[in-house]
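Q: I'd like to ask you about the structure that follows.
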Amino acid sequence: MLKKDFVEKYYVKGEFASKAEAERKIAAFLECIEEVVLAGDEISFLGFGKFCVGERSARTGRNPQTGEEMEIPAKKVVKFKAGKSFNDKLNK
């Protein structure tokens, strides 16, 4: 699903005055999540899930084109863990 498709679905479900309003609300929501995670905090939505920062350690990998070994540096990643009710709905 593309962003424009999601905006359309959100617009219909949320009964907003316009698609532009729905898109602004989505953008504000995502911006808030981004700010919290970039600050190193986690954000939990009870029943839905949790966004947090994780660490991926450095490791040795292979270039798929040449097969040559290469060092992959350590980095931070965003992790999402689905909540119980979300997982239950997914696995019905």
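The values are calculated or read from the model by the stated rules, or taken from the named source; none is laboratory data. This one's a predicted model, so the numbers in the text were calculated from it and none came from an experiment. Every residue, glycine as well, gets a Cβ built from its backbone with ideal geometry; the counts of neighbours run over all protein chains shown.
Q: Determine whether segment 21-30 contains at least one residue that is surrounded by 12 or more Cβ atoms within 10 Å (Cβ to Cβ), touching a residue at least 12 places away in the same chain (Cβ under 8 Å) and small (Gly, Ala, Ser).
A: Yes, segment 21-30 contains at least one residue that is surrounded by 12 or more Cβ atoms within 10 Å (Cβ to Cβ), touching a residue at least 12 places away in the same chain (Cβ under 8 Å) and small (Gly, Ala, Ser).
Q: Shifting gears a bit: Within segment 81-92, restricting attention to residues that are of a type outside the set (Lys, Arg) and surrounded by 10 or more Cβ atoms within 10 Å (Cβ to Cβ), which residue is nearest to Leu38 (Cα to Cα)?
A: Taking the candidates together, the pick is Ala82.
Q: Do the conditions hold for Gly54, that is, is it more than 18 Å from Lys3 (Cβ to Cβ) and either in the same structural domain as Lys3 (by TED's automatic domain parsing) or assigned to a loop (DSSP other than H, G, I, E, B) (or both)?
A: Considered against the rule, which asks whether it is more than 18 Å from Lys3 (Cβ to Cβ) and either in the same structural domain as Lys3 (by TED's automatic domain parsing) or assigned to a loop (DSSP other than H, G, I, E, B) (or both), Gly54 comes out as no.
Q: Still on this structure, I have one more. Within segment 42-49, is there a residue that is charged (D, E, K, R) and exposed (fewer than 11 other Cβ atoms within 10 Å of the Cβ)?
A: Scanning segment 42-49 turns up no residue that is charged (D, E, K, R) and exposed (fewer than 11 other Cβ atoms within 10 Å of the Cβ).
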